[in-house]
Amino acid sequence: MRAWGNRDDTFVVDEPFYAFYLKKTAADHPGAEEVIAAGETKWRKIVATLTGPIPNGVRIFYQKQMTHHLLPEVSRDWLRAVTNCFLIRNPAEVIASYIKKNREPTVPDLGFVQQAEIFDSVRQQTGFIPAVIDADDVLRDPERMLRLLCHAIGVEFSAAMLSWPAGRRETDGIWAEYWYAEVERSTAFAPYRERKIKLPKSLHEVHARGREIYYDLYQHRLR
């Protein structure tokens, strides 16, 4: 999100379905009431905005989505109107990050199943395999992977995507104070480092299911 938000020709929207998701599920997330009060909770209105004119008259509308926010009742048909890219990440890393705020996530909480379902839906609707990038690949060589992604979606690469000023953005969701501390401190992609993660035994089945889905998508990654 920071990489795309640093381009002059791009407008960023941050997790537009979050308020809708929280209202429908009553999920116990930090600042949930505040997010619901500030956001749009009707999914059809959200879709109308995401498929409408690009704000600020720029060329690119970058929409950061969390797959579990797109609950089953949200039609997938509108995804034909946008260019879909999928960011995948080692499930152990995802879980280790998530449990800093929520200690006992389920597979649906983490979005693995929904990501696979949405990927398959987009593939069936368009007849093409959408772009997939792996987070570790991006950290190992940000410029190469962002060039590959831009080429895959027909956008000219910009060096502005490789570094950015620290701090919060106007386009960050109001949940930034709970989730974005590391993002706000960042000025570029962090160097890749291998991490040894030990997950609680209670999450081993969640991790196993996440790995299965992750490797299904991993075979399609840009490389």
Hey, among ARG221, ARG169, which residue is open to solvent by 50 Å² or more (accessible area, probe 1.4 Å) and under 19 Å from the mean Cα position of the chain (by Cα)? ARG169
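Hey, does segment 74-89 have a residue that's part of a strand (DSSP E or B), crowded, with 19+ Cβ neighbours inside 10 Å and not polar (S, T, N, Q)?
yes
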Any residue at all in segment 130-143 that is within 19 Å of HIS207 (Cβ to Cβ) and without any contact (Cβ under 8 Å) to a residue 40 or more places away in the chain? no
Condition met for ILE46 (in contact (Cβ under 8 Å) with a residue 12 or more places away in the chain, in a helix (DSSP H, G or I), touching a Leu at 6+ places or on another chain (Cβ under 9 Å) and under 20 Å from GLY111 (Cβ atoms)): no
Determine whether ILE133 is part of a loop (DSSP other than H, G, I, E, B), out of contact with any Ser or Thr (no Cβ under 7 Å at 6 or more places or on another chain) and at pLDDT 95 or above. no
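Of all residues in segment 90-104 being small (Gly, Ala, Ser) and either touching a residue at least 24 places away in the same chain (Cβ under 8 Å) or part of a loop (DSSP other than H, G, I, E, B) (or both), which is farthest from LEU217 (Cα to Cα)? If you could, list the steps in order and put the result at the bottom.
If we filter segment 90-104 for residues that are small (Gly, Ala, Ser), which is where we start, we get 92, 96-97.
Adding the requirement that they be either touching a residue at least 24 places away in the same chain (Cβ under 8 Å) or part of a loop (DSSP other than H, G, I, E, B) (or both) leaves 92, 96.
Values: ALA92: 16, ALA96: 20 Å.
Checking each candidate, the answer is ALA96.
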Name the residue, out of PRO130, PRO142, that is surrounded by 15 or more Cβ atoms within 10 Å (Cβ to Cβ) and within 29 Å of GLY39 (Cα to Cα). PRO130
Could we say that ALA188 is at pLDDT 95 or above, open to solvent by less than 60 Å² (accessible area, probe 1.4 Å), in contact with a helix residue (DSSP H, G or I) (Cβ under 7 Å, 6 or more places away or on another chain) and within 26 Å of PRO16 (Cα to Cα) here? yes
Give me the residue from segment 1-11 that is more than 19 Å from TYR178 (Cβ to Cβ) and in contact with a helix residue (DSSP H, G or I) (Cβ under 8 Å, 6 or more places away or on another chain) and, out of that set, most open to solvent (accessible area, probe 1.4 Å). ASP8
Count of residues meeting criterion [of a type in the set (D, E, K, R), part of a helix (DSSP H, G or I) and more than 21 Å from the chain's Cα centre (by Cα)] in segment 173-210: 2
When only residues in segment 18-48 that are closer than 23 Å to PHE119 by Cβ and hydroxyl-bearing (Ser, Thr, Tyr) count, which is surrounded by the most Cβ atoms within 10 Å (Cβ to Cβ)? TYR18
Given (1) loosely packed, with under 15 Cβ neighbours inside 10 Å; (2) touching a residue at least 12 places away in the same chain (Cβ under 8 Å), GLY57 misses just (2)
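The values are calculated or read from the model by the stated rules, or taken from the named source; none is laboratory data. Given the structure is predicted, the values throughout are model-derived calculations rather than measurements. Here the Cβ is made from the backbone with ideal geometry for all residues, glycine too, and neighbour counts use every protein chain on show. We work out accessible area using only protein heavy atoms, side chains counted, and drop any ligands, DNA or RNA first. Shrake-Rupley method; radii C 1.70, N 1.55, O 1.52, S 1.80 Å.
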